[in-house]
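Scroll down for the structure; my scribbles are underneath it.
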Amino acid sequence: MLLDKTFSLQAKTALISGASSGLGEHFARVLAEAGATVIVAARRADRLQNLVDDIIAAGGQAHAIPMDVTSAESVEQAFKQVDEITDQLDILVNNAGISSEPTKFVDMEEDDWGYLLDVNLKGVWRVGRQAAIRMKEQGSGSIINTGSIYSIGTGIMKADYNVSKVAVDQLTKNMALELGRAGVRVNSLCPGYFASAINEGEFSSERGKAYIAKLVPQRLGQYHELNGPLLLLASDASSYMNGSALVVDGGSLLNPV
């Protein structure tokens, strides 16, 4: 089998949550370039439409649907729209998530803790469950949950975020166990430190530069360095991968993070 066909997503349909910016937006562009029809979902409908317009202008196929992962009703309505667009959902990139300001455990507020877990864990569960129902019925599919190096390692002043990502790792493994015999694979993609508009200020400070210097690669990752791992998990190239946590961090986990 030719490698280009192994990684091809032609005739596949992919749903990407949290696609209005950051990794979600990038993932949507990559999957569309690989041939998938992409359905991008997030709360910011205006940004989604700009993304759809860009993908179509580049020769791809894309649709936008509004979805708030903190609302079960919103997620259910979003999947009704997915059903109107396609009769087979092949790929879910379960990406919607947020981070928090570094805060000591004893200083965290309960409402902030609860909201982060609602987005990063319950949101992943809500979207993953709806996709799994459809994929199990059709007997095929690939679900990619966005984890983190904090799914595996840990660090101070990140208790809420760390707990949410460890939980996503366990959710991924349980989904893989329950869905594997139905032909549905579930894996997680776990990025390390990647340059983004959100962390630009933090990592350009003297403190941030000093932190980067302590990492094994001594630099931040670039989004394009996630393209290969994403396509691996989304395509038939990973047909014997299920329940895996694919870490892309330049070796940062080799040192305490």
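The values are calculated or read from the model by the stated rules, or taken from the named source; none is laboratory data. Keep in mind that this is a model prediction, so the values were computed, not measured. Heads up, the Cβs are rebuilt from the backbone with ideal geometry, glycines too, and the neighbour counts pull from every protein chain shown.
One residue alone among Gly128, Gly123, Gly141 is closer than 20 Å to Ala28 by Cα, at pLDDT 95 or above and in contact with a Lys or Arg (Cβ under 8 Å, 6 or more places away or on another chain), and that residue is Gly141. From the list Asp160, Asp118, exactly one residue is among the charged types (D, E, K, R), in a helix (DSSP H, G or I), in contact (Cβ under 8 Å) with a residue 24 or more places away in the chain and surrounded by 17 or more Cβ atoms within 10 Å (Cβ to Cβ). Which is it? Sole residue among the options that is among the charged types (D, E, K, R), in a helix (DSSP H, G or I), in contact (Cβ under 8 Å) with a residue 24 or more places away in the chain and surrounded by 17 or more Cβ atoms within 10 Å (Cβ to Cβ): Asp160.
A quick yes/no check of all residues on (1) exposed (fewer than 15 other Cβ atoms within 10 Å of the Cβ); (2) within 16 Å of the chain's Cα centre (by Cα):
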site	(1), (2)
Ala62	no, no
Ala78	no, no
Val82	no, no
Val93	no, yes
Phe105	yes, no
Arg126	no, yes
Ala131	no, yes
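The criterion of at least 1 residues that are of a type in the set (A, V, I, L, M) and touching a residue at least 40 places away in the same chain (Cβ under 8 Å) is met by the following helices (runs of 4 or more DSSP H) wholly inside the range 191-254: 227-234.
Residues in the range 8-30 that are out of contact with any Ser or Thr (no Cβ under 8 Å at 6 or more places or on another chain) and over 25 Å from Lys122 (Cα atoms): 4 in all. From the list Arg47, Arg29, the one residue that fits, being assigned to a helix (DSSP H, G or I) and more than 17 Å from the chain's Cα centre (by Cα), is Arg47.
All told, Lys136 meets the bar of being part of a helix (DSSP H, G or I), touching a helix residue (DSSP H, G or I) at 6+ places or on another chain (Cβ under 6 Å), farther than 15 Å from Leu15 by Cα and of a type in the set (D, E, K, R).
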